[in-house]
Structure formats: C-alpha cells, structure tokens
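Student: Please see the structure below; I have some questions.
Bear in mind that the values in this text are calculations on the coordinates, not laboratory data. Predicted model, so just to flag it, every value in this text is computed and none were measured. Here the Cβ is made from the backbone with ideal geometry for all residues, glycine too, and neighbour counts use every protein chain on show.
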Amino acid sequence: MAIDNRRFETMSRDELSQLQIERLQTTLNRVYRNVAFYKHALDANKIVIETVRSLRDMARLPFTTKNDLRTSYPYDMFALPLRDIVRIHASSGTTGKPIVVGYSKNDISHWSDLVARQLLWAGVTEHDVVQIAFSYSLFTGGLGFHFGAEKLGASVIPASTHGNVRDQVTIMKDFKTTALICAPSTALGLARTMTSMDIHPQDMHLRLGIFGSEPWSRTVRDEIEGTFRITAYDSYGMSEIMGPGVSGECEKRNGLHVNEDHFIVEVINPATLGPVSPGEEGELVFTTITKEAFPLVRYRTGDRAHLLPGVCECGRTFTRMSKVEGRTDDLIAVQGVKFFPSQVFETVLRVQGIAPLCRIVLDVKDNADTLEVGVAVAAGSEYIDEMKTIENLRRSVAQSIEAELGVTATVTFMEEGTLRAEARGKKQPLVIDRRKL
Amino acid sequence: MLRILSLASGYAKLRVLKSVSLHVNPGEIVAVIGANGAGKTTLLRTIAGLVRPWSGDIVFSGASLPGIPAHVVASRGCVLVPEGRQVFAPMTVEENLFLGAYTRFRKRAGASVKSELRRIFELFPVLEQRMGQFAGTLSGGEQQMLAIGRALMAKPSFIMLDEPSMGLAPLVVKEILATISALRVSGCTILVVEQNSRAVLGIADRGYVMETGSIVLEGTAQELLNNTDVQRAYLGKEYQRINE
C-alpha cells in the first residue's frame with residue numbers, strides 16, 4: 001500500500017528523534033515568548049528552556065491540563081495574534097466551558113496533510129467517493145476530515161450530521177459512496193437504517209470506513225463491518241491537539257500510528273505523573289511540535305492507552321498506540337455524547353420530588369449504548385402512590401437529562417433505601433459500566 | 001550529512017548560541033535566516049571549528065566535530081565561505097584559488113588541483129579572465145565568486161556560506177544564488193546563512209529562523225514564506241501593506 005510521505009513515515013528512529021528535538025526546542029522558544037501561560041509555568045518551575053537538550057529532558061516540563069485550557073477561554077493560549085489565525089474551532093461544551101483552538105495557514109496545511117496521510121493508510125485514494133458524516137461545525141471532525149480528503153484528491157461528500165438518517169443512507173447508495181467517515185455510533189445507526197430500508201449491502205459501493213471521535217468496542221466494529229461488508233479503521237484525535245489525524249490505523253490494523261513528526265506522545269501514570277514502563281497502560285500525553293497557533297506542551301488527554309512495542313509490518317517507523325481503553329477521569333461517552341456523571345446528578349437534583357441520590361448504569365443493547373438513571377422518590381412527597389405522578393416524574397427527569405446533556409436516558413425508580421445502601425461509601429453518583437470495551 | 005544537537009557557544013563570557021539543534025540532509029540547501037546578532041555567523045564559525053562549542057554536539061558525516069581544529073574540519077570536506085568574502089586582496093585571483101587547495105597541496109595532488117581549477121573556471125568564467133589580477137581590484141560580485149571558488153578548491157562535500165549576498169547589487173545577488181543552486185546540482189550539500197530572507201528561501205529546501213541565539217521556527221522554505229511572523233519580521237511584508 002502506498003506510503004504518502006516516505007521520508008517522514010519511514011525515517012529511522014535516530015533521525016526522527018533529531019527532528020523531534022529540533023521541533024520541540026523551536027516550539028518551546030515560541031511558547032515561552034508568545035504564551036503567557038507557558039512563560040509563567042516554565043518560570044514557576046524554574047525551567048530554563050535552553051536546558052532542554054534531549055527528548056529525555058521533556059520529563060521536567062510542566063503538564064498542560066484540560067482545566068488550564070478552560071481557564072484560558074477563549075484566546076489566552078493562542079501563540080499568534082488573531083490576524084494570523086485563519087480558522088477557529090472549539091470542543092463541545094458538554095464537559096464544561098468549551099475550549100477554543102486556532103489554526104494558522106501552515107497549521108491548516110499540516111492538518112490536511114496528516115489527515116490525507118491517515119486516509120491513505122486506510123487505503124483511500126483519489127478514486128474514492130468519501131462521505132463525511134461528521135458535523136461540519138465548531139467540531140473539528142467534519143472540516144478536519146474534509147480538507148484531508150480533498151487534499152488526497154478524493155471526491156468528498158460533505159454530508160454532515162444534520163438531516164435524517166434515511167437521507168444519509170440514500171446518499172450513500174445513490175452517490176456511490178466508497179468510504180464512510182463518521183463516529184462509530186453514527187455508522188451503527190446508518191447500518192441499522194440500511195437494513196430497515198431493505199437495502200442490501202451489495203447495492204452499495206462502500207468498501208471501507210474510518211471511524212473515530214469516541215471509544216468503540218470490538219463488537220461495534222464487528223457489527224459495522226458485518227452489516228456494511230467493509231473494513232473499518234480506527235482514528236484518534238482531539239480538537240485540543242489538532243483534531244483528527246493525530247493517529248490512525250494502517251492497513252495492518254494493529255494499533256494506531258502516531259504522527260510522530262508532528263506530535264510527541266508519552267504515556268504517564270496519572271497518579272505519580274511519572275512515565276510508565278514501556279508497553280504499560282497509562283494516560284496519553286501529547287506535545288505538539290509543529291503547531292504555530294495553538295501549541296501544547298505535555299497535554300494530558302485523560303485517555304488511557306498503551307504504546308505497542310516493536311515496529312509495524314507496514315514499514316512505517318512511527319510508534320503505535322492501542323485503542324483508547326478508557327478515561328482517567330469519570331467522563332462518560334454514550335451515543336456519541338460526552339459528559340461527567342456529576343452533570344447527571346446535578347440535573348436530577350433540580351427535579352422536584354426526587355431524592356438527592358442517583359445511580360447511572362451503562363449497558364449495551366442491540367450494540368447501542370444505553371444509559372439508565374436510577375432515582376428514588378423523595379421521602380415525604382405527596383401522592384407517591386399514584387401511577388400518574390410517578391410517570392410525570394419519570395418524564396420530567398428524562399426530559400431534563402435530554403435537554404441538559406443531549407442524551408436519551410431510561411429512568412427507573414428504586415427504593416430510596418436500596419439506592420442509599422448501594423451508594424454508601426462510594427463517590428456520588430454511582431456509575432456502573434456494563435459495557436465491555 | 002550534518003547534525004547539530006543542542007549546541008551552545010560564544011565568545012569569552014558572552015553566550016551567543018543558547019541551544020541550537022538543526023540538521024542538513026545530503027543534497028539539501030538549508031537556509032538559516034534571522035536578524036543581525038541572532039547568532040547565525042557564530043553558528044557557522046562554531047561548525048567550522050573557529051569557535052569552540054561550550055556544550056552540545058556537531059556530527060558531520062558520522063563523526064563528532066567539537067575539539068577538531070578548523071583546518072582538519074576543512075580537510076574533511078566541510079568548508080566555510082566567510083562573511084564579507086575575506087579574499088586576500090594583495091594576491092592574484094589564481095593565488096587565492098590555490099590557497100583554497102592548501103590542505104591538499106601537501107599530498108602532492110597537483111594534477112587534481114589543476115583539474116579543480118578548470119572546473120571552477122567553467123563555473124565562473126570571469127575568474128579566468130581576471131586570473132592574474134589582484135583580488136582586491138575585483139568587484140563585490142567577482143570577489144564573492146572568488147571566495148566560493150576558493151572554497152571549492154578544497155573539494156568539499158559540504159559548503160557553508162555566510163551572507164553571500166551582502167553588499168551586492170540585486171542582479172549580482174541573483175547570479176550568486178543561481179551559482180549556489182548549481183553547486184547543489186554538482187553534488188554539494190549547502191548551509192547558507194542570510195539576511196536576505198526572501199532571496200535565499202527562493203533557492204532553499206528548508207530553513208530555520210534564528211532569534212537571539214535560539215531557533216524559533218523551522219520548516220520547508222514554503223512554510224516559512226507562509227508564516228506571517230517571518231513575513232513581517234524578515235520579508236518586510238507589513239511595510240509593503242502600509243505603503244499600498
């Protein structure tokens with residue numbers, strides 16, 4: 001299979017580390033001059049950037065956390081003035097204040113290159129018709145993949161996520177889509193709709209899919225691959241780092257190659273903050289080494305994964321990371337929506353007549369994630385025997401959760417005592433995740 | 001070809017290079033641009049062995065250079081065309097050129113020196129015409145050609161040029177840059193330091209931007225030309241925009 005940029009993708013580890021240290025040093029010089037946060041962070045830790053002489057010295061650099069980025073809202077982490085910024089994206093605000101990120105001309109060009117590279121790894125070429133069913137918005141997924149696919153020369157259908165699922169399937173069929181790019185949950189929805197519309201996969205031209213932006217299990221992959229009869233590739237990225245194109249699977253589908261000529265990846269123990277031993281699972285930490293507008297030094301992603309040992313059979317020398325195995329915090333991803341359990345709890349608290357207790361159960365039914373919220377009627381509420389009142393309460397809890405978090409939840413009523421006993425000594429609210437990743 | 005890792009150097013107590021890392025791949029033209037006093041010349045002088053590095057490493061063709069005297073560095077094929085030409089004014093053009101082959105004379109390589117001289121005259125026909133003339137009487141552009149020619153007499157695989165366009169008329173600058181591109185075609189790898197950023201980025205593959213002893217930006221020549229900071233600071237683009 002073709003290698004897009006052989007010089008970089010197959011460079012020796014020795015050459016790569018020279019390139020990385022050069023780029024890391026220039027990045028440090030720029031963030032120290034241009035970003036108040038980093039000047040302060042480096043000065044406060046008494047780190048003179050000239051003493052960062054090798055990649056090993058990175059361990060002395062301070063971390064950047066999601067919270068740092070949130071407090072920088074909207075532009076405080078930008079290393080360039082707005083007149084040099086040509087694009088602005090933002091992470092979704094479901095987990096607090098959104099994080100605003102900017103791109104310079106060169107950033108956009110690198111981003112497109114990296115996405116194009118990753119599409120090529122999965123076997124997409126200029127002959128493909130690529131349907132992008134990611135939202136074209138502040139979210140980096142849509143436009144990120146779009147520019148990369150265009151750069152590759154594919155025929156791009158910016159289907160986005162609006163409109164109904166049947167239209168999306170009709171486009172796939174009529175426009176002869178060969179490659180689908182979307183969130184795995186979207187792909188599942190499309191697969192089911194296709195089945196319900198009585199369209200046989202043979203009537204489609206789809207041959208592969210690239211899915212990302214949320215963790216997905218092997219069973220989901222199997223169902224997508226089985227229903228569409230395609231090969232599914234995993235993709236990893238996040239808007240803080242750049243968007244899609246940070247890492248992705250090659251044709252061997254044995255781990256995701258990290259684009260190490262643009263990012264330095266580390267795996268740390270989230271408790272000690274020290275490095276894990278090679279191959280051990282920990283928190284992914286990324287440093288951007290070519291970004292001009294929004295450079296990040298040692299950004300803690302909160303994603304848990306491990307690096308795979310050895311060199312990939314495909315010949316690329318970039319290190320490989322495993323699929324994301326979970327979160328270091330309690331962030332929940334359900335139906336493509338990300339939120340913290342505390343947000344569910346706060347919503348429940350606001351509903352009149354409900355006890356300040358709740359239990360969150362995550363499960364998989366028909367290969368789709370389900371969210372069940374167990375609540376109890378507050379003691380002393382009137383008419384609790386009436387079915388109608390209970391139904392109303394149930395509806396109002398479900399509606400508030402849907403309005404607040406944008407996710408559909410099944411609400412079940414439990415005995416207050418049972419709920420209290422279950423929650424005893426544990427962090428509120430209790431989260432039970434029955435899904436297998 | 002050349003790999004520099006976290007190089008620091010300077011003069012007496014004055015630290016000029018803070019922690020500079022860069023590399024040049026075989027067959028590349030790499031440009032280092034930056035304002036006066038950024039440390040560009042010190043960088044080249046440190047590589048050439050004229051200034052002793054304080055820390056860091058310079059690896060040329062697989063061998064570490066720090067500690068090796070300048071004439072040995074030159075005889076290994078890494079030569080410097082110094083800033084301001086530095087031709088020997090009271091000597092003839094021919095004598096200047098022969099001095100460039102100084103490290104090889106001892107090996108009694110007379111014939112090869114002669115053939116090298118012919119090659120240089122092909123590259124710079126004007127030097128042949130001025131062969132017997134004192135170098136000091138040449139024009140700036142001719143002196144620059146002489147300085148490059150003198151460096152080529154050492155049969156280098158790697159040439160470092162320090163401000164080759166300095167003090168030259170725009171047309172002559174064009175000619176000199178064309179010569180540098182031609183050197184690459186003849187198999188040389190080139191590291192060129194320039195203040196005339198636009199001109200040098202036109203012929204370079206990659207570039208580094210230096211600021212007060214550190215590298216603040218690196219990338220392909222095109223990426224640097226696209227960078228708005230470079231445009232403002234080194235290409236005078238903002239100035240133009242105000243005029244328009």
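Student: Taking other Cβ within 10 Å of each residue's Cβ, how do A:VAL265, A:VAL246 sort, fewest first?
Tutor: Neighbour counts put them in this order, fewest first: A:VAL265, A:VAL246.
Student: What are the ³J(HN,Hα) values, in whole Hz, obtained from phi via the Karplus relation 6.51 cos²θ - 1.76 cosθ + 1.60 with θ = phi - 60°, for each residue of region B:116-123 in sequence order, with x given for Gly and Pro?
Tutor: 5, 4, 5, 4, 5, 5, 5, 6
Student: Given the options A:ILE268, A:ILE49, A:ILE181, which has the most mean-square fluctuation in a GNM of chain A, springs set between C-alpha atoms less than 10 angstrom apart?
Tutor: In the Gaussian network model the winner is A:ILE49.
Student: Which of the lysines could a cross-linker span from A:LYS427 if the Cα-Cα distance has to be under 23 Å and same-chain partners fewer than 8 positions apart are dropped?
Tutor: In chain and number order, the partners are A:LYS66, A:LYS338, A:LYS436.
Student: More than 18 Å apart: what percent of Cα pairs in region B:34-94 qualify? Spell out each step's value before the answer.
Tutor: On the way: 795 of 1830 pairs.
For region B:34-94, the fraction of Cα-Cα distances above 18 Å is 43 percent.
Student: In deg cm²/dmol, rounded to 500, what helix-only [θ] at 222 nm does chain A give when every DSSP H run of at least 4 residues adds -39500 (n - 2.57) and the total is split over its residues? Can you show the working numbers first?
Tutor: Details: 12 runs with 141 residues, N = 437.
Counting only the DSSP helices, I get -10000 deg cm²/dmol.
Student: So which lysines can B:LYS174 reach, going by Cα to Cα under 30 Å and dropping same-chain residues fewer than 8 places off?
Tutor: Filter leaves A:LYS105, B:LYS40, B:LYS114, B:LYS155, B:LYS237.
Student: Using the Karplus curve 6.51 cos²θ - 1.76 cosθ + 1.60 with θ = phi - 60°, what ³J(HN,Hα) values do you get for each residue of region B:88-95, in whole Hz, with x for Gly and Pro?
Tutor: Per-residue couplings from phi come out as 7, 4, x, 10, 6, 4, 4, 5 Hz.
Student: Taking neighbour Cβ counts within 10 Å as the exposure measure, how do A:LEU82, A:LEU331, A:LEU349, A:LEU152 sort from fewest upward?
Tutor: Starting with the residue having the fewest Cβ neighbours, the order is A:LEU82, A:LEU349, A:LEU331, A:LEU152.
Student: Along each of its three principal axes, how wide is the spread of alpha-carbon positions in region A:342-437, in whole angstrom units, largest first?
Tutor: Principal axes ranked by extent give 43, 30, 21 Å for the Cα atoms.
Student: Shifting gears a bit: Take region A:169-308, drop everything but the C-alpha atoms, weight them equally and run the Debye formula without solvent; then report log10 I(q)/I(0) at 0.10, 0.13, 0.20 Å⁻¹ to two decimals.
Tutor: -0.42, -0.65, -1.12
Student: A follow-up question, please. Hey, which lysines would be in cross-link range of A:LYS388, C-alpha to C-alpha under 29 Å, not counting anything within fewer than 8 residues on its own chain?
Tutor: A:LYS365
Student: Given H placed on each backbone N at 1.01 Å, which residues far from B:VAL192 in sequence or on other chains put an amide H within less than 5 Å of it?
Tutor: It is B:VAL30, B:ALA31, B:VAL32, B:LEU161, by chain and number.
Student: What whole-number value in cubic angstrom gives the convex hull volume per residue for the C-alpha atoms of region B:129-200? It would help to have the intermediate numbers written out before the result.
Tutor: Values: hull volume 7.0 nm³, N = 72.
Dividing the Cα hull volume of region B:129-200 by its residue count gives 97 Å³.
Student: Shifting gears a bit: Distance in nm between label sites at A:SER396 and B:SER61, each 7 Å beyond Cα in the beta-carbon direction?
Tutor: 8.5
Student: So, one more: Hey, what D do you get for region A:1-159 in µm²/s if you plug the Kirkwood alpha-carbon radius into Stokes-Einstein at 4 °C and 1.567 mPa s?
Tutor: 72
Student: Considering only DSSP beta bridges whose two residues both sit in the protein assembly as shown, what percent are antiparallel, to the nearest 5?
Tutor: Rounded to the nearest five, the antiparallel share is 60 percent.
Student: Debye sum, Cα scatterers, region A:99-240, no solvent: what log₁₀ I/I(0) at q = 0.17 1/Å?
Tutor: -0.88
Student: A further question follows. Mark the label point 7 Å from the Cα of A:ILE88 along Cα→Cβ and return the residues of region A:292-316 whose backbone N is within less than 20 Å of it.
Tutor: Counting only backbone N, you get A:292-296.
Student: Quick one: which residues, 5 or more positions from B:GLN86 or on another chain, have an amide H under 5 Å from its amide H? H modelled 1.01 Å from N in the peptide plane, none for Pro or chain starts.
Tutor: Close amide H contacts, sequence-distant or interchain: none at all.
Student: Taking amide H positions as placed in the peptide plane 1.01 Å from N, state which residues far from A:THR412 in sequence (5 or more) or on other chains have amide H under 5 Å from it.
Tutor: It is A:VAL373, A:GLY374, A:VAL375, by chain and number.
Student: Translational diffusion coefficient of region B:7-125 at 4 °C, 1.567 mPa s, Stokes-Einstein with Kirkwood Rh over Cα pairs, in µm²/s as a whole number. Let's see the in-between values first.
Tutor: Values: Rh = 16.4 Å.
Reported coefficient: 79 µm²/s.
Student: Further question: For region A:73-90, what does the Karplus curve 6.51 cos²θ - 1.76 cosθ + 1.60, with θ = phi - 60°, yield as ³J(HN,Hα) per residue in whole Hz, taken in order and with x for Gly and Pro?
Tutor: Whole-Hz 3J(HN,Hα) from phi for region A:73-90: 3, x, 10, 5, 9, 6, 9, 10, x, 4, 5, 9, 8, 10, 8, 10, 10, 8.
Student: Given only helices, namely DSSP H runs of n ≥ 4 each adding -39500 (n - 2.57), what is the per-residue ellipticity at 222 nm of chain B, to the nearest 500 deg cm²/dmol?
Tutor: On the way: 12 runs with 102 residues, N = 244.
Computed ellipticity for chain B at 222 nm equals -11500 deg cm²/dmol.
Student: Okay, next question. If one takes the longest principal axis of the Cα atoms in chain A, at what angle in degrees, from 0 to 90 and to the nearest 10, does the Cα axis of helix A:387-405 lie?
Tutor: Between helix and principal axis, roughly 10 degrees.
Student: Can you give me the pair-distance distribution of the protein assembly as shown, C-alpha pairs, 20 Å bins, whole percents?
Tutor: Using 20 Å bins, I get a P(r) of 16, 41, 28, 12, 3, 0 for the protein assembly as shown.
Student: What's the angle, to the nearest 10 degrees (0 to 90), between helix A:218-228's Cα axis and the longest principal axis of chain A?
Tutor: 90
Student: A further question follows. Taking R0 as 22 Å, what's the FRET efficiency between B:ARG52 and B:GLN86 from their Cβ-Cβ distance, rounded to 0.05?
Tutor: Efficiency, from the Cβ-Cβ distance: 0.60.
Student: Could you tell me which trypsin sites (Lys or Arg not before Pro) in region A:238-306 are loop residues by DSSP with no more than 16 other beta carbons within 10 angstrom of their beta carbon?
Tutor: Sparse-neighbourhood loop trypsin sites (Lys or Arg not before Pro): A:LYS252, A:ARG253.
Student: Per-residue Cβ counts within 10 Å, from other chains only, averaged over B:20-30: what number is that?
Tutor: 2
Student: So if I average 1/r over every pair of distinct C-alpha atoms in region A:318-370 and take the inverse, what Kirkwood radius in Å does that give?
Tutor: 13.6
Student: If you filter region A:1-54 for trypsin sites (Lys or Arg not before Pro), then keep DSSP loop positions with at most 14 other Cβ within 10 Å, what is left?
Tutor: Taking region A:1-54 and a limit of 14 other Cβ atoms within 10 Å, the loop trypsin sites (Lys or Arg not before Pro) found are A:LYS46.
Student: Counting only trypsin sites (Lys or Arg not before Pro) that sit in a DSSP loop (anything but H, G, I, E, B) with at most 16 other Cβ atoms within 10 Å, what is the longest stretch of chain B containing none of them?
Tutor: So the longest stretch without any such site is B:109-244.
Student: While we're here: Which percentage, to the nearest 5, of the DSSP beta bridges contained in region A:338-437 is antiparallel? Each step should come with its number before you reach the end.
Tutor: Working: 8 of 16 bridges.
In region A:338-437, DSSP labels about 50 percent of beta bridges as antiparallel.
Student: Taking region A:330-437, which GluC sites (Glu not before Pro) meet the DSSP loop condition and have no more than 16 other C-beta atoms within 10 Å?
Tutor: Values: sites: A:GLU346, A:GLU372, A:GLU382, A:GLU386, A:GLU391, A:GLU402, A:GLU404, A:GLU415, A:GLU416, A:GLU422; in loops: A:GLU382, A:GLU386, A:GLU415.
For GluC sites (Glu not before Pro) across region A:330-437 that sit outside H, G, I, E and B with at most 16 neighbouring Cβ atoms in 10 Å, the list reads A:GLU382, A:GLU386, A:GLU415.
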